[in-house]
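S.K.: First the structure, which I've put down as structure tokens, then a few questions once you've had a look.
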Amino acid sequence: MNFINDMKSSLSTPLRGRGATITFLGTGTSTGVPQLGCKCPVCRSASPKDKRLRNSALITVDDKRFLIDAGPDLRQQLITNDIFHVTAILLTHEHYDHVGGLDDVRPLGETNIYAEANVLEAIERNMPYCFGVIKYPGVPKMNLHKVDMNPFQIQGVNIIPIRAMHARLPVLGFRIGKLAYLTDVKSIDNTELDKLRGLKVLVINALRKEEHISHLSLSEAISIAQQVNAENTYFTHISHHLGLHEDVSAELPENIHLAYDNLSINF
């Protein structure tokens with residue numbers, strides 16, 4: 001079956017009638033907000049919407065829980081949101097702010113991780129004590145599953161990979177039903193944008209207002225959101241340079257929003 005038919009097949013079993021939500025566990029960039037030692041108005045803000053842990057999200061479909069990325073704040077995020085079991089972890093890429101919390105999955109029991117081959121290789125290289133014939137006692141039990149650009153299924157839930165570029169590093173986003181989640185995007189071609197048609201919720205990064213070498217700026221993210229034309233778009237992977245949540249939210253076009261930590265949305 002070719003890709004177009006694969007995609008149509010994946011979308012032919014929508015999540016209608018199921019309980020489907022996304023919870024933003026962290027909406028910050030690699031340094032988090034407040035940034036260590038910074039005294040800017042955003043970092044000094046008392047608003048909880050300006051407190052941003054490193055980027056991660058939980059997508060729930062009925063009783064299935066899909067964690068997207070596992071950064072260095074993962075333990076705190078799981079405790080805050082009473083998450084003690086996940087069906088699978090989907091990794092967008094291998095940068096530390098997206099995988100640095102994998103050791104904290106130990107109490108979750110055996111964990112299934114889905115990522116591209118280079119990401120899995122980085123995990124094995126950086127966490128050698130978790131793999132091999134003789135493992136250190138008590139290490140995380142991680143089953144590594146290689147994915148590519150073909151749609152795949154986890155316990156009856158269809159997942160469509162979306163290719164984007166993080167400067168020169170290829171990264172993956174994921175579409176689950178009427179939601180798509182992309183982060184650390186700088187560019188995405190029209191073929192991949194076509195996979196984002198008909199969304200209820202698009203999640204994509206918007207680092208700051210100024211242009212950045214490897215992340216979308218606010219204006220670039222708005223442009224992509226308007227091309228996709230989802231019912232609602234939420235920006236994530238936000239730095240303190242973007243501005244105060246309340247101020248930036250007032251500037252955004254209709255149906256485009258800033259996400260914030262612990263926000264939960266039905267889709």
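All of the numbers you see were taken from the coordinates with simple rules; none came from a lab. None of these values were measured; they are calculated from a predicted model. No Cβ is skipped: glycine too gets one built from the backbone with ideal geometry, and neighbour counts run over all protein chains shown.
S.K.: Roughly how many whole Å is it from the C-alpha centroid of the range 46-61 to that of the range 96-175?
M.R.: When both Cα centres are located, 21 Å separates them.
S.K.: Choose one of 31, 241, 119: the residue whose Cα lies farthest towards the positive end of the charge dipole of the chain (beta-carbon charges +1 Lys, Arg; -1 Asp, Glu; about the Cα centre).
M.R.: 119
S.K.: Expected output is a single nm value to one decimal: the length gained when fully extending between residue 46 and residue 190, i.e. 0.36 nm times separation in residues minus the C-alpha distance. What is it?
M.R.: Contour length minus the Cα-Cα distance gives 47.8 nm.
S.K.: How would the range 45-122 be classified by its alpha-carbon gyration tensor: rounded, prolate or oblate, with rounded meaning a/c under 1.5 and the a/b versus b/c comparison settling the rest?
M.R.: oblate
S.K.: Next question. Report the full-extension gain for the segment residue 266 to residue 210: residue separation times 0.36 nm, less the Cα-Cα distance, to one decimal in nm.
M.R.: 17.0 nm
S.K.: Expressed in nm to one decimal, what extension gain is obtained for the pair residue 108 and residue 75 from 0.36 nm per residue of sequence separation less their Cα-Cα distance?
M.R.: 10.8 nm
S.K.: What is the dipole size for the range 3-266, taken about its Cα centre, with +1 at each Lys and Arg Cβ and -1 at each Asp and Glu Cβ, in debye to the nearest 20?
M.R.: Dipole of the range 3-266, to the nearest 20 debye: 320 debye.
S.K.: In deg cm²/dmol, rounded to 500, what helix-only [θ] at 222 nm does the chain give when every DSSP H run of at least 4 residues adds -39500 (n - 2.57) and the total is split over its residues?
M.R.: Taken over the chain, the calculation gives -5000 deg cm²/dmol.
S.K.: Show me the GluC sites (Glu not before Pro) within the range 106-162 that DSSP assigns to loop and that have at most 12 other Cβ atoms within 10 Å of their Cβ.
M.R.: Here the GluC sites (Glu not before Pro) that fit, given the DSSP loop and packing criteria, are 110.
S.K.: Could you name the lysines in cross-link range of residue 135, using Cα to Cα under 24 Å and dropping any fewer than eight places away on the same chain?
M.R.: By straight Cα distance, residue 135 reaches 146.
S.K.: Near residue 200, which lysines are there with a Cα under 21 Å away, not counting those fewer than 8 places off in the same chain?
M.R.: Qualifying lysines at Cα under 21 Å: 8, 64, 178.
S.K.: Same structure again: DSSP loop (so not H, G, I, E, B), at most 16 other Cβ within 10 Å: list which trypsin sites (Lys or Arg not before Pro) in the range 33-94 pass both filters.
M.R.: 39, 44
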